[in-house]
């Protein structure tokens, strides 16, 4: 399939009607763990599925085309994709990471730092002075998460990537929250793009997986070699399911984003909401940057509920259309309490530094009718208000 096609066409059609054995329209799944050698001391394009598998290769090719990269490596989880990137760094190098990154990423960076694998500085990347001070330590890698999880902070990818290059550093962007449907970091100067394919790329909350895309073919080869050595490559069946979900990425994102925008406006006007974090709101500090580097504002948002932990508990427990669960990006709407769920591993001090409070709730907006989602939130506010009034 030509790389000049529109991304929507690539997502829907890459690999379609290419089966030479039986003419299958949908690409078949290759579950075989091993493949025939053409002859003695002769290997074909596939020999063992940990190293390479046709189903995984097609998913990697599709993701790479969507992101505009030279290639991709599909891994067993989003965290393994992050770790694959970290594992290729030389010892005693420095990483600049966002102070408000995903809790799992924070935990991984801190754990490897504490084992002496590298040094890390966690920086508010929206603070130009703090970021410049970090650059002056000559890092090897700058890790960007925009919008950030869970506070939806937005930073200028092109600006940071350009500054990183001037210091000899490479830039990696976690694009999980937006997917290539709404943001393409390589076109903005990033060297690497990381995904938890569990989220929007798969979109159905039934697969755990990850991927890393590189702008340079040599980096792709390095990642592929190391993924084979460590055995973190994704399973064929997971790759098949992820590709099946990716086919509908663009229409899913469009509808989920529409729902999210309505909910963000509703929350922004609600008297029981202290703050809404959604880049699509003109009042959001990163609204202008998001408008420049994104094709849309996405379907993730967070907000801070007036009242204490008791009100938050009552609010969450009274929801019926939203489900209390971790993860995001599926067709169903989820609510999470970062302080006790996704970011609990950061520790209280790091959460406070990042601005993650006990009253913060994160919403992943799905494909339900927006009216039903709004009604569910409204009745939960009523319950939370009763809790506050009773105190």
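Values as computed for the structure displayed
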{"item": "Selected residue (criterion: farthest from the chain's Cα centre (by Cα)) from residues of the range 90-104 that are surrounded by 17 or more Cβ atoms within 10 Å (Cβ to Cβ) and under 15 Å from residue 167 (Cβ atoms)", "result": "94"}
{"item": "Index of the failed condition, residue 70 passing every other in (1) touching a helix residue (DSSP H, G or I) at 6+ places or on another chain (Cβ under 9 Å); (2) in contact (Cβ under 8 Å) with a residue 40 or more places away in the chain; (3) farther than 22 Å from residue 142 by Cα", "result": "(3)"}
{"item": "So residue 241, is it assigned by TED's automatic domain parsing to the domain that holds residue 15, at pLDDT 95 or above and either surrounded by fewer than 22 Cβ atoms within 10 Å (Cβ to Cβ) or under 21 Å from the mean Cα position of the chain (by Cα) (or both)", "result": "yes"}
{"item": "Conditions (1) surrounded by 15 or more Cβ atoms within 10 Å (Cβ to Cβ); (2) over 22 Å from residue 206 (Cα atoms); (3) touching a helix residue (DSSP H, G or I) at 6+ places or on another chain (Cβ under 9 Å); number of the one not met by residue 302", "result": "(3)"}
{"item": "Members of the range 185-213 found to be touching a strand residue (DSSP E or B) at 6+ places or on another chain (Cβ under 8 Å), under 25 Å from residue 258 (Cβ atoms) and in a loop (DSSP other than H, G, I, E, B), listed by number", "result": "196, 197, 198, 201"}
{"item": "One residue from 44, 23, 69 being part of a loop (DSSP other than H, G, I, E, B) and closer than 30 Å to residue 111 by Cβ", "result": "69"}
{"item": "In the range 90-115, the residues that are more than 25 Å from residue 342 (Cα to Cα) and either in a strand (DSSP E or B) or modelled with pLDDT of 95 or more (or both)", "result": "93, 94"}
{"item": "Selection from the range 29-47 of residues that are under 22 Å from residue 247 (Cα atoms) and surrounded by fewer than 14 Cβ atoms within 10 Å (Cβ to Cβ)", "result": "31"}
{"item": "Filter pass, residue 350 being closer than 22 Å to residue 154 by Cβ and under 19 Å from the mean Cα position of the chain (by Cα)", "result": "no"}
{"item": "Residue match in the range 29-36 (condition: outside any loop (DSSP other than H, G, I, E, B) and assigned by TED's automatic domain parsing to the domain that holds residue 236)", "result": "yes"}
{"item": "Test: residue in the range 1-20 that is under 21 Å from residue 224 (Cα atoms) and loosely packed, with under 14 Cβ neighbours inside 10 Å", "result": "no"}
{"item": "One residue from 75, 62 being surrounded by 15 or more Cβ atoms within 10 Å (Cβ to Cβ), touching a residue at least 24 places away in the same chain (Cβ under 8 Å) and over 16 Å from the mean Cα position of the chain (by Cα)", "result": "62"}
{"item": "Number of positions in the range 3-17 that are more than 14 Å from residue 248 (Cα to Cα) and touching a helix residue (DSSP H, G or I) at 6+ places or on another chain (Cβ under 9 Å)", "result": "3"}
{"item": "Search result, residues across the range 211-220 that are touching a residue at least 40 places away in the same chain (Cβ under 8 Å) and out of contact with any helix residue (DSSP H, G or I) (no Cβ under 6 Å at 6 or more places or on another chain)", "result": "216, 217, 219, 220"}
{"item": "Residue in the range 315-336 that is buried (at least 20 other Cβ atoms within 10 Å of the Cβ), touching a helix residue (DSSP H, G or I) at 6+ places or on another chain (Cβ under 6 Å) and farther than 30 Å from residue 248 by Cα present", "result": "yes"}
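The values are calculated or read from the model by the stated rules, or taken from the named source; none is laboratory data. Just so you know, these numbers come straight off a predicted model, no measurement behind them. All Cβ positions, even for glycine, are placed from backbone atoms using ideal geometry, and neighbour counts span all protein chains on display.
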